[in-house]
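The values are calculated or read from the model by the stated rules, or taken from the named source; none is laboratory data. Just so it is clear, the model here is predicted, and its values are computed rather than measured. Virtual Cβ from ideal backbone geometry, glycine too; neighbours counted across all protein chains shown.
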Amino acid sequence: MSLVWSLIASFLYVEIVIVLLLVLPVASPKRWQRFFKSRFLEMLSRQAHTYFYLLLFVLVLFLLEAIREMRKYSHTADPAEEHHLNVGMQHSMRLFRAQRNFYISGFAIFLSLVIRRLVSLITTQAQLLAQSEASMKQAQSATAAARSLLSQQKKEEQDGDKPKPSAPIDDDANVDEMKKRIVELENELARERKDKEAMKSQSESLNREYDRLTEEYSKLQKRITISSDNKSD
């Protein structure tokens, strides 16, 4: 194997290792995203597209060269040369080398595309996980606030229902004052009940929104897992 094809084969082996690291559960998507955003990779990512297309162009050139060699040596030898064993062995050996180079360059191109797609999917998955966690935390905080308000309303309602000590009624003025106080307390109790119903409906809507976000998160996770499995297959 020549030096050029040895380098391409080494590059293919490195690609295989990278694909295995990305596919196997070695690290979580968040850790991979932090690794992708490191200073070293950020310096490389500035010219990553140029390097990628340049490398892809070189590999395609070697793939075309391998195809040309395969077509060249795929024809049978001349009948006059068939009697020479050395000529036939050399012909078969060159055809084998051309086929080997074809597979090496072809798999190198394929794995380059696979690695780029896996990096994109892992980055997208990490962003979706961060968004879903933020949404879940927001929904949980809203639910906790609604529950605390409901508990506070219950306490206030219980305090309002307790009988309060009153002074002995001596005349009609005190009776009228007590009646007004009772009417005010009834109105306040009705308002508190309305507020309680409103907070209860709000809490129920928040619980439904939390359940919907949880279900959406599970669907997104399943979709990302299925797409990752399909890409890895």
**Study point:** Residue that is farthest from Ser135 (Cα to Cα), among those in segment 190-225 that are hydrophobic (A, V, I, L, M, F, W, C) and at pLDDT below 75
**Key:** Ala198
Review point. Is it the case that segment 97-107 has a residue that's within 18 Å of Trp32 (Cβ to Cβ), in contact with a helix residue (DSSP H, G or I) (Cβ under 7 Å, 6 or more places away or on another chain) and assigned by TED's automatic domain parsing to the domain that holds Tyr13?
Key: no
Study note, to complete from the structure: If we keep only residues of segment 21-51 that are under 18 Å from Leu111 (Cα atoms) and either loosely packed, with under 11 Cβ neighbours inside 10 Å or outside the structural domain of Ile104 (by TED's automatic domain parsing) (or both), then the residue modelled with the lowest pLDDT is His49
Point to revise | Condition check for Leu129: over 21 Å from Leu12 (Cα atoms) and modelled with pLDDT under 90 | key: yes
